[in-house]
Amino acid sequence: MIRFHLDENVSNAIAIGLRRLDIDVTTTPEQGMRGVIDEEQLAFALSQGRVIFTQDDDFLILHQLGVSHAGIAYCKQGTRTMGEIIGSIPSLR
């Protein structure tokens, strides 16, 4: 079962929707990590065995640079509705 961590660029409404589908989700604000650099976000997600879900292009760059992570799920901002995002995440599990 994949567990997710949503970074601060992702709407809390997505976390709420995923939890309604019984998906294990943490969020940056809930973890008190607002404003924390992206590398630390990835390190937190990795330490928890969570795939980070983001709409921030910088995480793709970190992946290309070889920064360790448990997985990155990326959706370019403005290309999908919240409903489409929530509906597509369960297929990743």
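The values are calculated or read from the model by the stated rules, or taken from the named source; none is laboratory data. If you're wondering where the values come from, they're calculated on a predicted model, not measured in any experiment. Don't worry about glycine lacking a Cβ; one is built from the backbone with ideal geometry, like all the others, and counts go over all protein chains shown.
What to note about this one:
- Residues satisfying the stated conditions in segment 61-77, i.e. free of Cβ contacts under 8 Å to residues at least 24 places away in the same chain, surrounded by fewer than 12 Cβ atoms within 10 Å (Cβ to Cβ) and more than 13 Å from VAL10 (Cβ to Cβ): ILE61, GLN64, LEU65, GLY66
- Near pairs, Cβ below 9 angstrom, 6+ apart or cross-chain, from segment 1-25 (surrounded by 13 or more Cβ atoms within 10 Å (Cβ to Cβ)) to any residue that is in a helix (DSSP H, G or I) and among the aromatic types (Phe, Trp, Tyr): HIS5/PHE44; ASP7/PHE59
- Any hit, segment 48-57, residues being loosely packed, with under 13 Cβ neighbours inside 10 Å and among the basic types (Lys, Arg): no
- GLY35 fulfils the conditions (1) in contact with an Asp or Glu (Cβ under 6 Å, 6 or more places away or on another chain); (2) under 18 Å from ASN12 (Cα atoms) except for a single criterion, (1).
- PHE44 in contact (Cβ under 8 Å) with a residue 24 or more places away in the chain, touching a Phe, Trp or Tyr at 6+ places or on another chain (Cβ under 7 Å), at negative phi and of a type outside the set (Lys, Arg): no
- Exactly one residue out of VAL36, VAL67, VAL10 is among the β-branched types (Val, Ile, Thr), part of a loop (DSSP other than H, G, I, E, B) and within 18 Å of ILE89 (Cβ to Cβ): that is VAL10.
- In segment 70-93, residue modelled with the lowest pLDDT [restricted to those that are touching a helix residue (DSSP H, G or I) at 6+ places or on another chain (Cβ under 7 Å) and assigned to a helix (DSSP H, G or I)]: ILE89
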